[in-house]
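First the structure, in the form of structure tokens, and then the observations on it.
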Amino acid sequence: MIDFDDVCYAYDGEPVLRHASFHIKKGETVVLRGPNGAGKSTLLRMLNGLIYPELGTYQFCGTEITAAKMREHRYAKWFHQQMGFVWQNPDAQLFCGSVAEELAFGPEQMGLSTAEVKSRVEDALELLGLAHLRGRAPYTLSGGEKKKTAIASILTMNPSIWTFDEPLSALDEKSQAWLCDFLQALKDAGKTLIIATHDVSLASTLADKTLTIHADHSVELSA
Amino acid sequence: MIDFDDVCYAYDGEPVLRHASFHIKKGETVVLRGPNGAGKSTLLRMLNGLIYPELGTYQFCGTEITAAKMREHRYAKWFHQQMGFVWQNPDAQLFCGSVAEELAFGPEQMGLSTAEVKSRVEDALELLGLAHLRGRAPYTLSGGEKKKTAIASILTMNPSIWTFDEPLSALDEKSQAWLCDFLQALKDAGKTLIIATHDVSLASTLADKTLTIHADHSVELSA
Amino acid sequence: MIKLPPWVTQEENYQPNRDRDYFISRSLLRVMTVLLAIRQQAEHSALRHISACSALCFLFFWLLFCVTAHTSAFLLCELALTLVLLCLLPGRLVWPAVQASLAAACFSLLLILPAALIGSGPLVLLLPLKTFLSVAALSILRAILPWNELTSALRRFHVPQTVIFLLDTTLRYIILLGEIARDMLIALKLRSIGKNQHKQRAAGGVLGTMFLRSKEMSETMYEAMICRGFTGEYLPGREQSFRPGDSLLLLLILLYLYLFLRLEAIL
Amino acid sequence: MHIPENYLSPSTCAVFGAAMAPVWWLAVQKVKQEVPKEKMPMLGIGAAFSFLGMMFNLPLPGGTTGHAVGAVLLAIMFGPWSACLAVSIALFVQALFFGDGGLLAFGANCFNMAFVMPFAGFAIYRALKKAMPAHELIAAGAGAYVGINLAALCAAIEFGLQPLLFTDAAGHALYCPYPLAISIPAMMVGHLTLFGLAEVIFTTAILGYLKKAAPSLLADTAQQAGAGLKTIYGLVALLILGTPLGLLASGTAWGEWDPEELAEQDFLGSALGYTPAGMEDGFSFDALFPDYAIAGLPESFGYILSAIIGTALLILTFKIFASFIHTPTNYDASIAKH
Ligand SMILES: Nc1ncnc2c1ncn2[C@@H]1O[C@H](COP(=O)(O)OP(=O)(O)OP(=O)(O)O)[C@@H](O)[C@H]1O
Ligand SMILES: Nc1ncnc2c1ncn2[C@@H]1O[C@H](COP(=O)(O)OP(=O)(O)OP(=O)(O)O)[C@@H](O)[C@H]1O
Ligand SMILES: [Mg+2]
Ligand SMILES: [Mg+2]
């Protein structure tokens, strides 16, 4: 499903990814590890089609993702629907006036019927225990609630691949346990998960494979 | 040294701290725990004299900390020199043009001589392994480097009490281990540490006492 | 164990329609991210040779001459030095500086076009050149002088504390705003997966959140300053000693003063 | 050797412009590929050398003047394609800002000085260098001599063809009035003697100096491009200060008269007596500083100022050009930091 072939990337001539070649199959759970500044967030941004390889190719379902391809409106929209991105800092991700609007943003754009949008939003609010917050502005929520809202806003789009950047950071123990369960449920539902994290226990319980970015920016996939 | 007597605090009528009464002695290491949104960050902000109790009193070394007291420039300067605050998000904490200036800001405000400032900055750069970054603008650093710069900028003021908000978040394993060592070293040097964290292992290795804020915003100090 | 709703377990079968959503992503926020240019500051290398104070003094006289000159001859002398300085800038900073100056010159050319057509004297025709020179001078200064050096130099000129603090805070605020706008733009782009019926609402949400976040971050930043002993009063700032390049600046300004007096026929 | 506005018919200009277009395109591609980004500003300095060289006018008895071009020097330093681009840009700056050479005739001027000259000169240089590797400077001198003379010959032929092709009903030439029989000897006398010699001296002197002062510049390696920069800037400054020497030559170069001057020339036996019609009402363009003079300034100071502005413009052009070239990142160098 995701094919990296000898991908290199640099910021201003400073290499961040070197000769990354790996393959992620549908339904796999991959944990992305590596020291600070190795390039984990960069790799996630590339997976989401926000930056493009300087050398090598990134293929998604057989289509090469390039700047030109992403300028094709319809493809880009389909691609972003397929791939969900949960940021490390939920603050940057939430921009609507209320939690309910935030959750409805994705499905409304997909052109689903009003009833269907409503039922998705309700299901997601229910599932994440956010029902009592539906009218609140996301900005006023606590850290854990913001994270959950961010996750719910991706959930309503129902992407087949989820990418997470440090999902556990700044969450309390209870929320961390809940999130681990949630990730497990997504995995069981056949979603592909790619999770960048420094947390060892999460990596060991969930991962089918581990993608390691070393301090020298070389990339290695191991089972 | 730090005395809370029946302190209450609310944001817009929404209670965040309720009847907090506790006492922290010089040289103690206190770990602050509690679920998301319990009020840990709020308590740290109050300890640092950025907000004031709505009810009850907060006494620091026998002086009550009030808005009026903090408007006395001399006292405020002395107080802030005594108490160092490392934010969860180092971005918000770094405001100078270069790492070296960032480190010099505190001691310069304290009015130390140029030579003294310089030697403190050099020592801190050395200790935290930031020497090669001295000329870089803080916003161009990686997450781990930013955190270290934030810590170093407090270190040069040499406060006797350190308050940390989630010091381990977003750090990789190596940096986490280093930070634990650093905290231990501060503890051994007789500093008072107050650390808000969700990390269980840090709490268990370092803490003399645990201050827990419950979900109902009640505060409890236990050994 | 978490039980997902049934639609989550199914594969989404989605075919996007066309939609024009340039409004938010292209226009609105792109403007904001331009703010980030301000944080793209030069290395300190040029400052090793000249001090910020003398650079500011130089700029003051330079602009004064430029604005008051009314012969093209003197302006051409200034143009020569401007071009030479542009040549000495590091490669990647050259084009932005040239671009900004040319754009400003073209703009002022447009403004004076009616006046030039009516034929209101040669003085008006110097305006685009003057604009080019002043904007180029400012761009060069910006490229070699980080803003924190600039504000600390202002302190030495006894500019009121409040003004400097406001300037500092504004610059910091602008940088924050640019960063937040960039994040928001990306978040919006990632979730714009189809036709957006409520563009206005989305735009309002983005701008509102951006404002709140940047306000919060700037407040936190101010608190961080307070926690490090800042009481609204900067200390006099480090002494900036006379550096070798300063004498060169002095010579240059004397030269241009001479040229100004001669060419403008004052002496 | 700069052909002014309206000496060539617009159709001739169009032909040369069309001929140069693919050359320029190819030159840009070649330069992008072959010249490392760090060396690009040096190319600008090279163009500046050529620009300055062309400001040093030399007088010849009989009232005409001429100058060195430096195209062969650039070809030796950077390769003929880079030289082509650099001289073209120098000529463009001259035409646009200083009114030296016509804007319409730009293509023709480039053909002579930026195409024929560097390529021919470089070919000679390379052949001779192969034959006698020990005498590089002699090879360079010979290349420069042949190069400038070929360029002058081309210019002379372009002039000389005009009266054959374009006349009005009265038999008066529409554009340049002198046929080949006059233009070729008139051009070549100067270039085979003094101007050719000037070119040889200009080329060998600078080349010899650079070989001694900044040998890294002449080597193909890119890393040390910055090493000899100080000496180079010094040399440029020296040349700039020397440009007023070019004012000592008071005449006008052959073939570069103003239309009014032209009527008084007597190369056809007696004064021409008329101004060719195509010239009188041809295309006219007001350069910023015609003839390197700046209103209100003493002539020599204006000359220096023009030299500074022109030089800086050329260096800037190439610097900006370089900043648009993407340097591939080296992903295989070992990372020392970690
Ligand atoms: N916009 C940018 N411009 C320049 N350099 C950048 C940019 N973003 C990241 N970098 C640099 O690229 C490198 C990799 O950054 P990245 O954020 O991908 O690391 P990471 O593995 O996510 O680290 P962390 O664990 O701290 O999140 C770092 O050295 C960083 O400084
Ligand atoms: N500036 C503010 N205005 C209004 N409410 C606020 C403000 N800051 C915090 N709150 C609210 O106060 C409560 C406590 O916030 P605080 O940040 O202290 O929690 P915390 O214990 O640090 O949580 P976390 O573990 O997520 O950091 C939260 O419910 C939050 O929504
Ligand atoms: Mg990251
Ligand atoms: Mg907190």
query: Considering only residues of segment B:76-91 that are within 7 Å of chain C (Cβ to nearest Cβ) and part of a helix (DSSP H, G or I), which is farthest from B:Thr140 (Cα to Cα)?
result: B:Ala76
- request: Answer yes or no: is there a residue in segment B:92-101 that is within 18 Å of the chain's Cα centre (by Cα), surrounded by fewer than 20 Cβ atoms within 10 Å (Cβ to Cβ) and part of a helix (DSSP H, G or I).
  value: yes
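Within segment C:102-120, is there a residue that is outside any helix (DSSP H, G or I) and either modelled with pLDDT of 85 or more or crowded, with 16+ Cβ neighbours inside 10 Å (or both)?
Taking segment C:102-120 as the starting set, the residues that turn out to be outside any helix (DSSP H, G or I) are C:119-120.
Among the residues that remain, those that are also either modelled with pLDDT of 85 or more or crowded, with 16+ Cβ neighbours inside 10 Å (or both) are: none.
No: zero hits.
Kindly evaluate C:Leu47 against the criterion of being modelled with pLDDT of 80 or more and either more than 11 Å from chain D (Cβ to nearest Cβ) or in a helix (DSSP H, G or I) (or both). Before you say what the answer is, go through the steps one by one.
Details: modelled with pLDDT of 80 or more: no; either more than 11 Å from chain D (Cβ to nearest Cβ) or in a helix (DSSP H, G or I) (or both): yes.
For C:Leu47, the condition - modelled with pLDDT of 80 or more and either more than 11 Å from chain D (Cβ to nearest Cβ) or in a helix (DSSP H, G or I) (or both) - is not met.
Which residue, of C:Ile164, C:Ile186, C:Ile193, is of a type outside the set (Lys, Arg), more than 9 Å from chain A (Cβ to nearest Cβ) and surrounded by 15 or more Cβ atoms within 10 Å (Cβ to Cβ)? Even if it seems obvious, please write down each step before you answer.
Working: C:Ile186 fails: more than 9 Å from chain A (Cβ to nearest Cβ); C:Ile193 fails: more than 9 Å from chain A (Cβ to nearest Cβ).
Testing whether each residue is of a type outside the set (Lys, Arg), more than 9 Å from chain A (Cβ to nearest Cβ) and surrounded by 15 or more Cβ atoms within 10 Å (Cβ to Cβ) leaves just C:Ile164.
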Inter-residue pairs, beta-carbon under 8 Å, first under 30 Å from A:Pro107 (Cβ atoms) and in segment C:161-189, second among the charged types (D, E, K, R), 6+ apart: C:Ile180/C:Arg213; C:Leu185/C:Arg30
task: Kindly list, by first and then second residue, each pair from a residue in segment A:163-187 that is farther than 20 Å from B:Gln176 by Cβ and at the interface with another protein chain (Cβ under 7 Å from one of its Cβ atoms) to a residue that is away from ligand 2 (no atom under 14 Å from the Cβ) and not in a helix (DSSP H, G or I), limited to pairs with Cβ atoms under 6 Å and residues at least 6 apart or on different chains.
output: A:Asp181/C:Ile2; A:Phe182/C:Ile2; A:Ala185/C:Ile2; A:Ala185/C:Leu4
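If you go through segment A:63-83, how many residues are in contact with a strand residue (DSSP E or B) (Cβ under 8 Å, 6 or more places away or on another chain) and either free of Cβ contacts under 8 Å to residues at least 24 places away in the same chain or within 16 Å of ligand 2 (Cβ to nearest atom) (or both)?
From segment A:63-83, those in contact with a strand residue (DSSP E or B) (Cβ under 8 Å, 6 or more places away or on another chain) are A:64-65, A:69, A:75, A:79, A:82-83; that's our starting set.
Filter once more, keeping what is either free of Cβ contacts under 8 Å to residues at least 24 places away in the same chain or within 16 Å of ligand 2 (Cβ to nearest atom) (or both): A:64-65, A:69, A:75.
Result for segment A:63-83: 4.
Of all residues in segment B:31-59, count the ones that are more than 16 Å from ligand 4 (Cβ to nearest atom) and not charged (D, E, K, R).
Step one: of segment B:31-59, the residues more than 16 Å from ligand 4 (Cβ to nearest atom) are B:49, B:52-59.
Right, trim to not charged (D, E, K, R) and you get B:49, B:52-53, B:55-59.
Residues that pass the stated criteria total 8.
Give the residue, chosen from B:Ser218, B:Ser222, B:Ser201, that is in contact (Cβ under 8 Å) with a residue 40 or more places away in the chain and either among the basic types (Lys, Arg) or surrounded by fewer than 19 Cβ atoms within 10 Å (Cβ to Cβ) (or both).
On the way: B:Ser222 fails: in contact (Cβ under 8 Å) with a residue 40 or more places away in the chain; B:Ser201 fails: in contact (Cβ under 8 Å) with a residue 40 or more places away in the chain.
Unique residue meeting the criteria: B:Ser218.
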query: Can you name the residue in segment A:208-223 that is hydrophobic (A, V, I, L, M, F, W, C) and either under 17 Å from the mean Cα position of the chain (by Cα) or assigned to a strand (DSSP E or B) (or both) and is also farthest from ligand 1 (Cβ to nearest atom) among such residues?
result: A:Leu221
message: It is to be established whether one or more residues within segment B:138-145 are in contact with a Gly (Cβ under 9 Å, 6 or more places away or on another chain), more than 14 Å from chain A (Cβ to nearest Cβ) and surrounded by 21 or more Cβ atoms within 10 Å (Cβ to Cβ).
response: yes
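Within segment B:109-207, which helices (runs of 4 or more DSSP H) (wholly inside it) include 1 or more residues that are within 16 Å of ligand 4 (Cβ to nearest atom) and within 25 Å of A:Arg33 (Cα to Cα)?
B:143-155, B:200-206
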- line: For A:Glu14, the lone unmet condition from (1) within 13 Å of ligand 1 (Cβ to nearest atom); (2) in contact with a Cys (Cβ under 9 Å, 6 or more places away or on another chain) is (2)
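Of these, B:Val99, B:Val86, B:Val121, which one is among the β-branched types (Val, Ile, Thr) and without any contact (Cβ under 8 Å) to a residue 40 or more places away in the chain?
Numbers: B:Val99 fails: without any contact (Cβ under 8 Å) to a residue 40 or more places away in the chain; B:Val86 fails: without any contact (Cβ under 8 Å) to a residue 40 or more places away in the chain.
On inspection, the qualifying residue turns out to be B:Val121.
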Which listed residue is touching a Lys or Arg at 6+ places or on another chain (Cβ under 6 Å) and not basic (Lys, Arg), from C:Ile180, C:Ile186: C:Ile180
message: Could you check segment C:190-218 and list, in sequence order, the residues that are free of Cβ contacts under 8 Å to residues at least 40 places away in the same chain and more than 17 Å from A:Ala104 (Cβ to Cβ)?
response: C:Gly208, C:Phe211, C:Leu212, C:Arg213, C:Lys215, C:Glu216
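Among strands (runs of 3 or more DSSP E) lying entirely in segment A:1-75, which contain 3 or more residues that are at pLDDT 90 or above and either buried (at least 21 other Cβ atoms within 10 Å of the Cβ) or within 14 Å of chain B (Cβ to nearest Cβ) (or both)? Spell out the reasoning first.
Working: elements: A:2-11, A:14-24, A:29-33, A:55-60.
So the answer is A:2-11, A:14-24, A:29-33.
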message: So in segment A:162-190, with the set limited to residues that are within 16 Å of ligand 1 (Cβ to nearest atom) and on the phi > 0 side of the Ramachandran plot, which one is nearest to the chain's Cα centre (by Cα)?
response: A:Glu166
- request: Determine if segment C:181-199 includes at least one residue that is at pLDDT 80 or above, more than 30 Å from A:Trp78 (Cβ to Cβ) and not hydroxyl-bearing (Ser, Thr, Tyr).
  value: no
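Which members of segment A:35-88 meet the condition of being at positive phi and under 15 Å from the mean Cα position of the chain (by Cα)?
Step one: list which residues in segment A:35-88 are at positive phi, which gives A:37, A:39, A:49, A:56, A:61-62.
The one that is at positive phi and under 15 Å from the mean Cα position of the chain (by Cα): A:Gly49.
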task: Filter segment A:175-188 for residues that are buried (at least 17 other Cβ atoms within 10 Å of the Cβ) and closer than 16 Å to A:Lys25 by Cα and give the result.
output: A:Leu186, A:Lys187
- prompt: away from ligand 3 (no atom under 16 Å from the Cβ), at pLDDT 90 or above, surrounded by 24 or more Cβ atoms within 10 Å (Cβ to Cβ) and at the interface with another protein chain (Cβ under 10 Å from one of its Cβ atoms), is that true of A:Leu155?
  reply: yes
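The values are calculated or read from the model by the stated rules, or taken from the named source; none is laboratory data. Remember, predicted model here, so these are calculated numbers, not experimental data. Reconstructed Cβ throughout: ideal geometry from the backbone, glycine too, with neighbour counts over all protein chains shown.
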